[in-house]
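Beneath this line is the structure, given in structure tokens, with notes to follow.
The values are calculated or read from the model by the stated rules, or taken from the named source; none is laboratory data. Worth saying up front: this structure is predicted, and the values here are computed from it rather than measured. Don't worry about glycine lacking a Cβ; one is built from the backbone with ideal geometry, like all the others, and counts go over all protein chains shown. Each accessible area value is taken on the protein alone, full model and side chains, heavy atoms only, with ligands, DNA and RNA left out. Shrake-Rupley method; radii C 1.70, N 1.55, O 1.52, S 1.80 Å.
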Amino acid sequence: MEYTELARSAAEKLLSYSKDQSGWKLCKRTLNDKLRDVDFTTLSGDKISFTNERDVPGLYEIINWVVTSDFDISANKVGIFNPSAPAGQQLAINNEDIHWNSQVLLVPRSVCSNSCAPGYRKVPLKQRPVCCYICAKCPEGEISNITDAENCVICPEDQWSNERRDKCISRTMDFLSHEDLTGVLLISLCIIFCIMASSVMGIFIKHHETPIVKANNRNLSYSLLISLILSFLCSLLFIGRPVTVTCLLRQAAFGVIFTVSVSCVLAKSITVVIAFNATKPGSKIKKWVGSQVSMCLVIVCSLGQVVTCTVWLSLCPPYPDYDTQTDTGKMILLCNEGCVPAFYTVIGYLGFLSALSFLVAFLVRKLPASFNEAQLITFSMLVFCSVWLSFIPAYLSTKGKYMVAVEIFAILASSAGLLGCIFIPKCYIILVKPEINTREYVFGKQ
């Protein structure tokens, strides 16, 4: 009754002020202020109130229209939506009161495509509604771990996607390990060759006063054998997980040790030339026979490689690195050379000495039989150069740990070639044919 009188009073004021513009505005403001405080319940039990914007909050009933078997239509209330209710309680639906027009009691979907499972992403279809899409599997290296993902997420660099593309897993570490079958085989070969070189060293030391050992400078022979033993051992630096120490030492040690070996072979070839020309009447190079020219040559040639490696390791040393682009799903652990021009300078210098040694040995290969070590040196350098020339295409055609294995095999094969071609024939004479290990036979007087 109170609200009825309030409405009548407001209506009378509205009529009295309708002819006055200022009175109309005053009436409107007064009515709005009064409506803000209105809050009552209707006869049907509905609660009526006004918001600060003078709007009446809606109260919605959710109706389920049901078509019966005799084609009658009935409306069943299955829930309500009350915007003024607390958050989370605005919508209330009784699922048991819902009747579907089918025998399958499943909630129908209002989209034209099924949900995309984890591992897939939604790809919209052209000229179709946004609810229409296809599910595309995430590419390698990317995942989606939620349903209906819009985009795939790229895995971190040290991880890769699993087969289902719903999880990032750690990449497989690829390097030539000591437990790997290839690594074990190469280590075994290294030990065998190292024992053989050490045995030859022991034989030469034991028979150091025999003519076959004295021929062509035994100090050079000892230096060459020591460098070959070290070359076999340096191949072990290439096996195992790359770390800072091994990356710093492996290529530098390989370059310096092989330079010493090739320098000894070059010095041996020059010794043959000096010894042959010294036998000619009136030769002026007799004074160089037995001198330290050969050892000085080894030191000078090796010093150039030592300086190159020192500058390389000082300015831009190698360091442990990894490669995730070459092999899918793998992280190849390797040694980054740091300065590629410096690395090629080391290899180029070694190649130059090898070619020079082969050339000198080849030119003196037909000297008299008393100086037949030239033929052994020529054949040994032919094997040495052939191994490294075939190494280049083999190295470039492999990847991962097999690249390292190819380089180790080249080191072992070339070193074994020098050991076998130069020293095995001499060991055969020392051990099996001692009767010809005489000065007369060596110098061709018998």
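Worth a mention:
- Leading residue by the ranking (nearest to the chain's Cα centre (by Cα)) among those in region 333-346 that are open to solvent by less than 60 Å² (accessible area, probe 1.4 Å) and within 21 Å of ALA410 (Cα to Cα): LEU333
- Taking the criterion of being touching a residue at least 40 places away in the same chain (Cβ under 8 Å) and aliphatic (A, V, I, L, M), the residues of region 192-207 that qualify are MET196, ALA197, VAL200, ILE203.
- Of all residues in region 298-332 being part of a helix (DSSP H, G or I) and hydroxyl-bearing (Ser, Thr, Tyr), the one that is surrounded by the fewest Cβ atoms within 10 Å (Cβ to Cβ): SER314
- Qualifying residue in region 363-386 (condition: under 27 Å from LEU189 (Cα atoms) and among the small types (Gly, Ala, Ser)): yes
- Looking at region 56-137, the strands (runs of 3 or more DSSP E) lying wholly inside it that each contain 3 or more residues that are closer than 30 Å to TRP160 by Cα and at pLDDT 80 or above sit at 120-124, 133-137.
- Listed by position, the helices (runs of 4 or more DSSP H) inside region 172-278 whose residues that are under 27 Å from LEU363 (Cα atoms) and open to solvent by 10 Å² or more (accessible area, probe 1.4 Å) number at least 2 are 211-214, 218-234, 244-278.
- The residue that is nearest to SER269 (Cα to Cα), counting only those in region 371-398 that are open to solvent by 40 Å² or more (accessible area, probe 1.4 Å) and aromatic (Phe, Trp, Tyr), is PHE379.
- Verdict on ILE424 being buried (at least 16 other Cβ atoms within 10 Å of the Cβ) and modelled with pLDDT of 80 or more: no
- Leading residue by the ranking (nearest to GLY329 (Cα to Cα)) among those in region 391-418 that are of a type in the set (Val, Ile, Thr) and over 21 Å from the mean Cα position of the chain (by Cα): ILE392
- Residue satisfying condition, being farther than 26 Å from LYS330 by Cα, without any contact (Cβ under 8 Å) to a residue 40 or more places away in the chain and not basic (Lys, Arg), within set VAL130, VAL153: VAL130
- Within region 336-350, the set of residues being under 30 Å from SER223 (Cα atoms), of a type outside the set (Val, Ile, Thr) and not in a loop (DSSP other than H, G, I, E, B) comprises PRO341, ALA342, PHE343, TYR344, GLY348, TYR349, LEU350.
- Within region 145-171, being over 25 Å from CYS132 (Cα atoms), of a type in the set (Ser, Thr, Tyr) and open to solvent by 40 Å² or more (accessible area, probe 1.4 Å) holds for one residue alone: SER170.
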